[in-house]
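Okay, so here's the structure we're looking at.
The values are calculated or read from the model by the stated rules, or taken from the named source; none is laboratory data. These numbers come from a predicted model, not from an experiment. No Cβ is skipped: glycine too gets one built from the backbone with ideal geometry, and neighbour counts run over all protein chains shown.
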Amino acid sequence: MEIKLEKIDEYQWLIPKTGPMRVPGLIFSNSSLMKAVQEDQSLTQVANVATLPGIVGHSLAMPDIHWGYGFPIGGVAAFDLDEGIVSPGGVGYDINCGCRLITTLLHAHEIRPQIKGLVSALFKNIPSGVGSTGGVRLTKREEAKVAVEGAAWAVKKGFGSAQDLERTEDNGAMEGADPSVLSERAIKRGRDQLGTLGSGNHFVEVQVVDQIYDPDKARAYDLFEGQVTLLIHSGSRGFGHQICDDFLKEMSRSTQEGKYPFDLPDRQLACAPVKSDQGRRYFAAMACAANYAWANRQVIMHLAHETLISLFSISPRELGMKLLYDVCHNITKKEQYTVEGNQVMLCVHRKGATRALPPGHPLLPEIYRGVGQPVLIPGDMGTYSYVLAGAEKAMVLSFGSSCHGAGRLLSRTQATKKAKGRAIHRELEDKGIYVQSRGKRTLKEEMPEAYKDVSQVVEVVHGAGLALKVARLRPMGVIKG
Amino acid sequence: MQSHKPDFTLLDHTADLGMTVRGADLKDLFEGAARSMMQVMVRGKPPESTRTKRLSVRGEDLADLMVRWLGEILYLFDGEKEVVVDVQINSISKSRLDADLRVVSFDPHLHEILCEIKAVTYHQIEVAKKAHRWEATIIFDM
């Protein structure tokens, strides 16, 4: 399908409303990033999402957009609560895949001589890899508590402290979670995967704050140049995959049977009205997975904390580990926005996108109300990650959303081909980055060239005023699944 | 790992992994799809002894049947830690198949995981007869 594009300004492109599209598409990008976007099918996916019932405003795409399944990765779409739909494919299989950034009082030069040992210790202590288990084994009863209480469950069990909760999106627990709607399979898969990293693009990265762009905001976030930080990227593991799979199958069947009065351009867009029984049950199940993911990252953070304390033989006070913030990338939530002058509640889907609330927003914790929500943008393992602060324009242009990472440029097979005969871990070591990974192919598939230039992605978000740059982080060591 | 070589090619998909599988008839196509998926995921020595599992899958149509069939095999691996080493479809129609699976328990010392497939998606799923052969295109979430 030929997609017509109109350039609005330096950072925005419009897909005019044509055919079955109910609203136009809007892509945040720049001229250079747009070239790659036009080479795959992601723009068609933006247009497909625009055909879904009850969509409000635009079908949006962030600058890290790439071809997903159903929704594009980097897609944001908001739906009316009465007329609109909720779509498991619009959230993705890894529900509440997200990341958390942790600050320490350590300086990079203090740990540089021991970075190899630190990477090995983290690799040993944090279970990773495909189907990784061995973190925390749950009884069915405890698992239900995790699904309802989220990160607070982990804190109650001694993984971290209560102050971590206010520094987590939704305080680490989404309302409305109901474990009674879950399948036996979902429960089974969640039993032994809590506190595990998983595989693919999931990682724990040891970083150094390499550049500060906004000293006032950096101070508010407790960031300083030369500081050691840790970034954790993981999600709801097999528990979330199963929940997405269960509801996609159920909604796909309902669509095929003609239960709902709409046609879909792609079966992966299977959805149900927000207010239908199926829609409500999906929300209740998705919230369980979101909460599981927050508990998961909370446990992983604790494992990292214990590793650093023991390896460096320092006290928790000397280490000074503090959660800066935890954000989700794959989620749908009911949030309030102003549409045509009216305050309305909408069902906002973010698939590979980050919430970015501006200063003064009532959902922000007191500590960040003056500066805006920390927006964490991991890059690839060879370059940089960024900390931004949510800004006012996100509320007007993007339903309070920003990008979520660099975004893939090469497919996994293309990346593997490009990496053939090369020792990626050695190339990274030459740049001072030590990597340990479980899967043999992971390093090749996840090599830096497989990703877009994260700096360009961040410049678009900053330039468009969705979130503003605060600091840049450079990797020193990475563990991958 | 399997006894019959499936006829498939991998497709380039930016975020995920896709494959096109071909078969002489529906039975051949569905068996080939299962073998291809396992071949992409796991490598290991041929096992000395296997167990047999019987599986029945229903779908709305051939495309749905394919997603559910591969989804069941994927669940056995991820949820039950069982590696499907071969499949035999005993009967297949547009909306149902019955199969015997040869499985072994996953053993990290014997099996090497090559890549993680999170799910079998409905995205651009296609199962159709092309000329004299059956062909399916499937995209996986990685």
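Just one residue in the set A:71, A:79 is closer than 26 Å to residue B:117 by Cα and either within 12 Å of chain B (Cβ to nearest Cβ) or within 22 Å of the chain's Cα centre (by Cα) (or both); that residue is A:71. Among the residues examined, residue A:400 does not qualify as in contact with a helix residue (DSSP H, G or I) (Cβ under 8 Å, 6 or more places away or on another chain), of a type outside the set (A, V, I, L, M, F, W, C) and at pLDDT below 95. For first residues located in the stretch A:236-247 and at negative phi, partners that are of a type in the set (Ser, Thr, Tyr) and in a helix (DSSP H, G or I) and lie 6+ apart or on another chain with Cβ distances below 8 Å form the pairs A:236/A:292; A:239/A:292; A:240/A:292; A:242/B:75; A:247/A:282.
For every residue, the table says whether it meets (1) within 22 Å of residue A:319 (Cβ to Cβ); (2) under 23 Å from the mean Cα position of the chain (by Cα); (3) modelled with pLDDT under 95.
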{"position": "A:171", "(1), (2), (3)": "no, yes, no"}
{"position": "A:175", "(1), (2), (3)": "no, yes, no"}
{"position": "A:205", "(1), (2), (3)": "yes, yes, no"}
{"position": "A:210", "(1), (2), (3)": "yes, yes, no"}
{"position": "A:226", "(1), (2), (3)": "yes, no, no"}
{"position": "A:230", "(1), (2), (3)": "yes, yes, no"}
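Restricting attention to the stretch B:11-40 and to residues that are without any contact (Cβ under 8 Å) to a residue 40 or more places away in the chain and at the interface with another protein chain (Cβ under 9 Å from one of its Cβ atoms), the residue that is farthest from residue A:408 (Cα to Cα) turns out to be B:12. Regarding residue B:67, is this residue outside any loop (DSSP other than H, G, I, E, B), farther than 19 Å from residue B:5 by Cα and at pLDDT 95 or above? Judged against the criteria, residue B:67 is a match.
Of the strands (runs of 3 or more DSSP E) lying entirely inside the stretch A:1-76, those containing at least 1 residues that are of a type in the set (Gly, Ala, Ser) span A:25-28, A:55-69. If you go through the stretch A:209-247 and keep only what is surrounded by fewer than 22 Cβ atoms within 10 Å (Cβ to Cβ), assigned to a loop (DSSP other than H, G, I, E, B) and among the hydrophobic types (A, V, I, L, M, F, W, C), you end up with just A:224.
Scanning the stretch A:82-95 for residues that are of a type outside the set (D, E, K, R) and within 14 Å of chain B (Cβ to nearest Cβ) yields A:87, A:88, A:89, A:90, A:91, A:92, A:93, A:95. Test residue B:101 against the criterion of being of a type in the set (A, V, I, L, M, F, W, C) and either assigned to a strand (DSSP E or B) or under 11 Å from the mean Cα position of the chain (by Cα) (or both), and give yes or no. Answer is yes for this residue.
Of all residues in the stretch B:44-64, those that are more than 13 Å from residue B:99 (Cα to Cα) and more than 10 Å from every other protein chain (Cβ to nearest Cβ) total 9. Just give me the residues in the stretch A:22-63 being buried (at least 24 other Cβ atoms within 10 Å of the Cβ) and at pLDDT below 95, in sequence order. Once the filter is applied, which keeps residues that are buried (at least 24 other Cβ atoms within 10 Å of the Cβ) and at pLDDT below 95, the stretch A:22-63 yields A:37, A:42.
Kindly evaluate residue A:268 against the criterion of being facing chain B (nearest Cβ under 9 Å) and touching a residue at least 24 places away in the same chain (Cβ under 8 Å). Yes: the conditions hold for residue A:268. When restricted to residues that are in a helix (DSSP H, G or I) and on the phi < 0 side of the Ramachandran plot, the stretch A:133-171 contains 21. If the condition is being at the interface with another protein chain (Cβ under 8 Å from one of its Cβ atoms) and either outside any strand (DSSP E or B) or at pLDDT 95 or above (or both), then the stretch B:121-142 contributes B:121, B:122, B:123, B:124, B:125, B:142. Selection of the stretch A:316-358 for residues being part of a strand (DSSP E or B), within 19 Å of residue A:221 (Cβ to Cβ) and more than 14 Å from the chain's Cα centre (by Cα) yields A:322, A:323, A:324.
Quick one: would you say residue A:394 is assigned to a helix (DSSP H, G or I) and crowded, with 24+ Cβ neighbours inside 10 Å? So residue A:394 passes the test.
Restricting attention to the stretch A:168-208 and to residues that are buried (at least 24 other Cβ atoms within 10 Å of the Cβ), within 23 Å of residue A:124 (Cα to Cα) and hydrophobic (A, V, I, L, M, F, W, C), the residue that is nearest to the other protein chains (Cβ to nearest Cβ) turns out to be A:197. Of the listed requirements (1) touching an Asp or Glu at 6+ places or on another chain (Cβ under 9 Å); (2) of a type in the set (A, V, I, L, M, F, W, C); (3) buried (at least 18 other Cβ atoms within 10 Å of the Cβ); (4) more than 8 Å from chain A (Cβ to nearest Cβ), residue B:70 misses just one: (1). Scanning the stretch B:73-96 for residues that are closer than 30 Å to residue B:112 by Cα, over 13 Å from the mean Cα position of the chain (by Cα) and more than 14 Å from every other protein chain (Cβ to nearest Cβ) yields a single hit, B:90. Selection of the stretch A:364-391 for residues being more than 24 Å from residue A:333 (Cα to Cα), of a type in the set (Gly, Ala, Ser) and surrounded by fewer than 24 Cβ atoms within 10 Å (Cβ to Cβ) yields only A:382. Considering (1) in a helix (DSSP H, G or I); (2) away from chain B (no Cβ under 14 Å), the lone condition that residue A:262 does not fulfil carries the number (1).
Go through the stretch A:298-334 and report how many residues are surrounded by 19 or more Cβ atoms within 10 Å (Cβ to Cβ) and either closer than 22 Å to residue A:73 by Cα or hydrophobic (A, V, I, L, M, F, W, C) (or both). The qualifying residues number 17.
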